[in-house]
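Remarks on the structure that follows.
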Amino acid sequence: MVVSILTRKTRITDRAQFEGQVFALTPRLNEIFGGQQGFVAVQYLWGNGDDGEFAQVTTWATPDDCQRYVREGAAATVATIEDAAIPTAAHPDGAWVRRTYEVVGAGESG
């Protein structure tokens, strides 16, 4: 299993507003994610500092599934849709950073 964590800051600094935007996006994003081979789950995390920092955490069955999502354009499509509803903070605060990890050891199911 692979977990990919995309972090960035948004201009939105109100958690309730952020949650509302994520809720509104969910059906459209689920269509995209659901069409991706090996997609397992997506979660959104709100930073503790209420400064607009958040993370999109996706889980994939294999490293190849995650790479395909990023390299074949679905990740860019999701990013475009997200950015329209959850606008990125101004430079330099709005940098997008993706880190990907393979799940190992305790807690792994299957």
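The values are calculated or read from the model by the stated rules, or taken from the named source; none is laboratory data. Every value quoted in this text rests on a predicted model; they were computed, and no experiment measured them. As a convention, Cβ positions derive from the backbone with ideal geometry for all residues, glycine included, and neighbour counts pool all protein chains shown.
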Q. Has the range 98-109 got at least one residue that is surrounded by 11 or more Cβ atoms within 10 Å (Cβ to Cβ) and more than 12 Å from residue 1 (Cβ to Cβ)?
A. yes
Q.
Looking only at the range 5-24, count every residue that is more than 30 Å from residue 63 (Cα to Cα) and polar (S, T, N, Q) and tell me the total.
A. 2
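Conditions tested, residue by residue: (1) under 20 Å from residue 69 (Cα atoms); (2) at pLDDT below 95; (3) of a type outside the set (A, V, I, L, M).
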{"residue": "3", "(1), (2), (3)": "yes, no, no"}
{"residue": "13", "(1), (2), (3)": "no, yes, yes"}
{"residue": "19", "(1), (2), (3)": "no, no, yes"}
{"residue": "24", "(1), (2), (3)": "no, no, no"}
{"residue": "32", "(1), (2), (3)": "yes, no, no"}
{"residue": "39", "(1), (2), (3)": "yes, no, yes"}
{"residue": "44", "(1), (2), (3)": "yes, no, yes"}
{"residue": "49", "(1), (2), (3)": "no, yes, yes"}
{"residue": "56", "(1), (2), (3)": "yes, no, yes"}
Q.
Tell me which strands (runs of 3 or more DSSP E) are completely within the range 1-97 and hold 1 or more residues being in contact (Cβ under 8 Å) with a residue 60 or more places away in the chain, within 12 Å of the chain's Cα centre (by Cα) and surrounded by 13 or more Cβ atoms within 10 Å (Cβ to Cβ), or say none if there are none.
A. 2-9
